[in-house]
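Just so it is clear, none of the values below were taken in a lab; they were calculated from the coordinates. What you see is a predicted model; the values in this text were computed from it and never measured. Cβ: placed from backbone, ideal geometry, glycine included. Neighbour counts: every protein chain shown.
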Amino acid sequence: MDARVADKSKSKPAQHPPLVIRRVDVIPVALPLKKPMAMAGITIAHAHNILVRIEAADGTVGWGEAASAPTMTGDTLGGLVAAVRDHLGPLIVGKDAWMRPAICKALRSALIGNTGAHSAVEMALFDLAGRAAGVSVIEMIGGARRCNVAPMWLLGNPTPQADIAEAHAKEREGFHFFKLKIGTKAIEKEIAATHELRAALGKDLPLCADANCGLNLADARRYVMETRADGLMFVEQPLPPEQLDNLAILTKNSPVPIGADEAIHSIADLDQHAQRGVGGVSLKLIKLGGMSAALAAAERCQDLKLSVNIAAKIAESSIGSAAAVHLACAAPVIDWGVSLTHFYLAEDIVRRPLPLGEGAVALPAGPGLGVEVDEAAVARVRVK
C-alpha cells in the first residue's frame, strides 16, 4: 500500500478494547437486474456476487461485497466463496479487527490473486471497525475531499431509439452523465448510434463510450475518428488488455482520450498504460484488491496525470456502491465520473438503498459504510 495512504489510515483507537473476530460467513447471492445488461461478449440478467459478514465477539457486524467477474478478474462465484470460506476467513477468526492493515497483509501472503475476495474481506473489516468505533469509513481512509458524487448511467440497448428513450427517462430521474456500451454491433452501427445519441442529448451533456475489450484496432481507430464531432469524454477499453502495442498506436493519433479498465489490476498497470498514452483509467475495488489498494492507485493516477473513473461492477448492491462512494469521496480526482450499479437492481439488500438526489449520491452518513443490511433480503437472494 502507498505510504501516503497508509499514514492516513486510522489504527486501533486507544480507548477501545480489542475487537475480536468470532465468525466469518461468505454468502453467495444472485441479485436480479431490472433488465438484462448487454456488453461485449456477455449479457447479464443476474449479478452473482458474494457477501462477507464478519461478526465480532461483542456482536458488532461488518459487511463486504464483491462481484464475480470471470472475464475481468478471473473470479467465479464458486472461486470467491472458496477463497473466503477455505482460506481467508479461517485466518482472521480470533484476530483483533483493529489490526486491519496487518491482517490484510497476512491474507495477501496466504492467498495470491483472488482480488475480489480480498476486497470483500477488507471492506467488511472497515465496516466492522467503523461501526464499533462509531466513525465513518471515509474518516478511516483519510477524510473526505468531496461529500457527494454524480453517477453516470450505462446505456446498452439493442437500438439507438431505445438508448435515447432510456437516456431521456434517466435525465428526468436526475442522471446527467451517460456511458454508451459499444463493441456488440457492427462498427458502422456503433458509430451511427453514437451520432444519434449525441444529437438527442445535446452537445453539453457528458457522454463516453465503453467497448469492454470488444473492438479490434481497425474498428477502434475508425470509431474514434468518426465520432470525434460527438465530443466523447473518453472511450474505455476499446482493445483487449494484452494488446499494448496496438493501444499505443491507437492513443497516438486518437482525437478522443482512451481509457483503460479491464487492463488495470495494479499500480504497475497504471504506469505501463500511462507510458502508452492512455488518458485515464477506471478503478474498481475488485480489480485492485480493496479500498487501501484502490486509494493508493488513485494517488498514483494523480502523479501520472491520469484521469480517474471510480466504478462498481455490474451489478453490486448498495454495500458495494457505498464503498465506491467512500473511495470516490477520498480520491484526489474523479474527473471521469463515478459508476454506481445498485441502481440497476430489481431488489437491493439494504434497508435504504443509496438514493439519487439532485443529480448526486451523498456520502453515506453513519458509522462504517453507512448502510444497513436487510438480512431477510439477503436470505431471499442467496444462492443455495
Too long for a 22 Å Cα-Cα cut-off, among 105/287; 181/313; 185/305; 181/287; 105/313; 181/384, are 185/305; 105/313; 181/384
How do 258, 182 line up, fewest other C-beta atoms within 10 Å first?
-> 258, 182
For helix 318-330, report the angle its Cα long axis makes with the longest principal axis of the Cα atoms of the chain; keep it between 0 and 90° and round to the nearest 10°.
-> 80
To the nearest 10 degrees, how steeply does helix 291-304 sit against the main Cα axis of the chain, on a 0 to 90 scale?
-> 40
Post the alpha-carbon centroid distance, the range 160-177 to the range 64-104, in whole angstrom.
-> 37
So, over other residues within a Cβ distance under 9 Å of residue 208, counting Lys, Arg +1 and Asp, Glu -1, the net charge is -1
Percent of Cα-Cα pairs per 5 Å bin, from 0 to the last occupied bin, for the range 84-174, please list those.
-> 3, 11, 16, 14, 10, 9, 10, 10, 9, 6, 1, 0
What order do you get for 283-294, 103-114, 145-156 when each peptide is scored by the mean count of other beta carbon atoms within 10 Å, highest first?
-> 283-294, 145-156, 103-114
Where Lys and Arg each count +1 and Asp and Glu each count -1, what net charge lies around residue 121 among other residues with Cβ under 12 Å from its Cβ?
-> +1
Rounded if a/c is under 1.5, else prolate if a/b is larger than b/c, else oblate: which is the range 148-368, with a ≥ b ≥ c the root eigenvalues of its Cα gyration tensor?
-> oblate
Around residue 246, what is the net charge, scoring Lys/Arg as +1 and Asp/Glu as -1 over all other residues with Cβ under 10 Å from its Cβ?
-> 0
Rounded to the nearest 5, the percent of DSSP beta bridges in the chain running antiparallel is 60
Within 10 Å, count the other beta carbons around each residue, average over each peptide in 264-273, 229-238, and list them highest first.
-> 229-238, 264-273
Relative contact order (%) - criterion: Cα under 8 Å, at least six apart; region: the chain = 20
For a quick protection proxy, order the peptides 203-215, 365-377 by their average other-Cβ count within 10 Å, most packed first.
-> 203-215, 365-377
Between the helical axis of 244-253 and the dominant principal axis of the chain, each derived from Cα atoms, what acute angle in degrees is found, rounded to the nearest 10?
-> 50
